[in-house]
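Encoded as structure tokens, the structure appears first; notes follow it.
The values are calculated or read from the model by the stated rules, or taken from the named source; none is laboratory data. Keep in mind that this is a model prediction, so the values were computed, not measured. All Cβ positions, glycine included, derive from the backbone under ideal geometry; neighbour counts span all protein chains shown. Please note that ligands, DNA and RNA were not included when accessible areas were found on the heavy atoms of the full protein model with its side chains. Shrake-Rupley method; radii C 1.70, N 1.55, O 1.52, S 1.80 Å.
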Amino acid sequence: MTMQKILYTNDISRAVTSLVDEMHPATVHIITDSNVEREVLPKLDLPYPVIVTEPGDVAKNLDSLSHIWSELINGGATRKSLVINIGGGVVTDMGGFAAATFKRGIRFINVPTTLLSAVDAAVGGKTGINFNGFKNEIGAFAPADAVVISTSTFATLPCVELLSGYAEMLKHGLLSSEEDYNELLAFDIVNADLDRLLPLLEKSVKVKERIVEEDPREQGIRRALNLGHTAGHAFESLALERNAAVPHGYAVAWGILVEMILSNFAEQFPSAELYRYANYLKEHGYGTPAITCDDYPRLLALMSHDKKNDTPDHINFTLLSRPGTPLIDRTATPDHITESLDIFRDLMGV
């Protein structure tokens, strides 16, 4: 898999224009959602036609994908065309998948406009859509030719968006080292200094880059990036089933705590870190999932279906022995998972 070219800059327009000039595409097409079209595109003033989708994870579906393909056809796109995905993770996931499958694959650039998409969805080559109620059930490994990362679009983001993205940065810190994790815990993301955030974001993305470069198709160490996601995706899917969607990063933040608890059972992950991390989530407004013990069977079923599992009978987790030491391909019994959910609810005050 070709590694992505990643540019860190607060002059998005210049970076995109320079990339287009270098790539000499037959046509250029921007994919975005209606919120970004209204709030961000006027400031960028890019001279390319725009394909607009509805915002939100509920729009990451086959209907939206079909709309994008139709608009590419109507706009005269060819195999030498270029797509520019400007938006959050929904746009980069779905726009990347549309580009990866249109005429068997055309080039695309990602311009993430949220912290979550900058640190997670826009980087690493995973694309896809939700299907039949399951997160990212249909997709492909297809890296963007380039990613333009900037904090300049974050100034107007609501706090919920910053917290959602920061959960993925905390995950990268946990995978990297105790020093990096502590540095992130000490940064005030709620009242973020965006100039200070950019180097932290670059460091976080580089953690993911190193892992993806070593294992681009998730056959080994890349599974470490799934820390928090087995439990997190179950929380997220359950919320979607109830038409009460939760931010992806919040679900991941909760999932990390569940998997820290499993790590404490299986790998002696320090109990003090469980309390420190749970307190961080509560103090910074990450909320709690609306679950009771009656929801455990459905959460277990959702975890069993997770695409990271090699077989439906073995639920796969990334665990930790301590910050900076991830352990991939660990499994847990249903009893341990339900016990972890009990402890999770106690720690979070659910």
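For the reader, a short list of remarks on this structure follows.
- When restricted to residues that are among the charged types (D, E, K, R), within 13 Å of the chain's Cα centre (by Cα) and modelled with pLDDT of 95 or more, the stretch 94-128 contains 0.
- Of all residues in the stretch 126-141, those that are closer than 19 Å to ASN110 by Cα have Cβ atoms under 9 Å from Cβ atoms of residues that are basic (Lys, Arg) and in a strand (DSSP E or B), 6 or more apart or on another chain, in GLY128/LYS135; ASN136/LYS126; GLY139/LYS126; ALA140/LYS126; PHE141/LYS126.
- Answer residue from the stretch 224-247, given it is open to solvent by 10 Å² or more (accessible area, probe 1.4 Å) and in contact with a Ser or Thr (Cβ under 6 Å, 6 or more places away or on another chain) and is farthest from ILE6 (Cα to Cα) among those: PRO247
- Near pairs, Cβ below 6 angstrom, 6+ apart or cross-chain, from the stretch 167-192 (in contact (Cβ under 8 Å) with a residue 24 or more places away in the chain) to any residue that is aliphatic (A, V, I, L, M) and part of a loop (DSSP other than H, G, I, E, B): LYS171/LEU227
- Consider the stretch 101-113 and keep the residues that are open to solvent by less than 20 Å² (accessible area, probe 1.4 Å) and either of a type in the set (Val, Ile, Thr) or touching a Lys or Arg at 6+ places or on another chain (Cβ under 9 Å) (or both). The one that is farthest from LEU200 (Cα to Cα) is PHE102.
- Each residue in the stretch 78-100 was checked for being open to solvent by 10 Å² or more (accessible area, probe 1.4 Å), farther than 20 Å from LEU44 by Cβ and touching a strand residue (DSSP E or B) at 6+ places or on another chain (Cβ under 9 Å), and 4 of them qualify.
- Neighbours by Cβ (under 6 Å, 6+ apart or cross-chain): first from the stretch 11-32, open to solvent by 50 Å² or more (accessible area, probe 1.4 Å); second outside any helix (DSSP H, G or I): ALA26/THR78; ALA26/LYS80; ALA26/SER81
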